[in-house]
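Laboratory data are not the source of any read-out in this text; all were calculated from the coordinates shown. Values in this document were obtained by computation on a predicted structure and should not be read as measured data. Neighbour counts run over all protein chains shown; Cβ positions are idealised from the backbone, glycine included.
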Amino acid sequence: MDTQFSAEDLAFRDEVRQFFQENCSAELRARLASKKTSREAQVEWQKCLYERGWIAPGWPVEHGGTGWTATQKFIFESERTSADAPDVIPFGLKMVGPVIYTFGTEEQQAKFLPRILRSDDWWCQGYSEPGAGSDLAALKTKAELDGDEYLVNGAKIWTSGAHLADWIFCLVRTDSSGKKQEGISFLLIDMKTPGITVNPIIGLDGGHSLNEVQFNEVRVPAENLIGEQDKGWTYAKALLQHERTAIAGVAGCKRVLARVIAYARAEGGLIDDPAFQRRLSDAEIEIMALEYTELRVLAALSAGTAPGPESSLLKIKGTELQQAVQELWMEVAGYYQGVLPDADGVDHSGHEFGSKACISYMYGRATTVYGGSNEVQKNIISKAVLGL
Ligand SMILES: Cc1cc2nc3c(=O)[nH]c(=O)nc-3n(C[C@H](O)[C@H](O)[C@H](O)COP(=O)(O)OP(=O)(O)OC[C@H]3O[C@@H](n4cnc5c(N)ncnc54)[C@H](O)[C@@H]3O)c2cc1C
């Protein structure tokens, strides 16, 4: 593999770097960090990317993608994290968008894709249920066809961002007679539909991102069904592979580690401990190795291949490394890690590492769980990749 950037790649890197410098200001980042202004600031940022034509690098060009090579996608992501620019909210752009352009009708594509690209609609993911997490196909939320509408009853749980979302993509049971994977359908539901209730679940870090979503006699137009009725498991799995590739977060992990090292050097003490040095080197080497795996996956995606079960490998290794780096970050933050932000999300620790290390560490526990737990990813690799 040639790992040198070409002259064109370097010119692209400069262009991207300049864009982030000019558009992602400290003022915008401050608004993103504050609970009062974060949604509005996130939309503003995504619209800025949209206007530049860079909102959906992973999409096919005909649907609004950039047509970038794997190297360009890699450069863009590295420059984004180096500039501390926020990632896009994944549910529309990295999850349901690819399902709609792959399996949706022309009408569905025309209705939903432009609004996702412009960040006019926010989406959330209605997969997990109280009795259906790892065993997702055990889901019971029922949808019965009644004329030209589905009547939906049941509940979803751990639905990130449901309290902010305009739409939810939902797995529903339309048939219980055969194998459990065979009677599932993929429905797009407007969150304003009567009969939907969103109940907050407050996390360990005091934050509100999770919810329970109840459906009580919710009427959904049948035209909101993706693909064929009872075949939703196929579309659901395709979406999960996109989700898992996105969760790996290699560029972000590399960036945090670089900061941990810089701060450890500036603070002194811990950085001189050989055991700590060894853990830093281990993390650095493993991130480098994962970067090459990610490049291979990106190269396959750029060649038109949809992400396959190999995305489980990226998910496992990427999330394990994120957690290892978060632990190092906590150690470098020392006493400051104990200072949590106020109710508005503002940090008062007086240290750049303060609450960020702690929040990132606590929320980071979830990365090995969401998108399908890492134990379940190992089962997928053993079956679908190794054929065991
Ligand atoms: C922060 C966060 C955000 C989330 N956001 C969303 C969202 O937006 N939408 C959504 O639909 N879901 C969301 N989830 C739910 C997530 O997908 C599930 O938590 C996950 O799939 C695991 O399911 P569970 O919690 O029911 O755990 P369980 O399935 O009960 O698993 C419990 C433990 O048993 C292990 N286990 C279970 N089965 C096996 C097996 N066959 N082999 C080996 N080990 C096994 C698991 O690995 C895990 O350690 C979110 C979760 C978190 C933590």
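Between region 240-276 and region 17-63, the C-alpha centres lie 23 angstrom from each other. Dipole check for the chain: with +1 at the C-beta of Lys and Arg, -1 at the C-beta of Asp and Glu, and the Cα centre as origin, the magnitude is about 460 Debye. Between 0 and 90 degrees, the angle of helix 274-302 with respect to the longest Cα principal axis of the chain falls at about 40 degrees. Relative to one another, the C-alpha centroids of region 152-224 and region 97-140 are positioned 11 Å apart.
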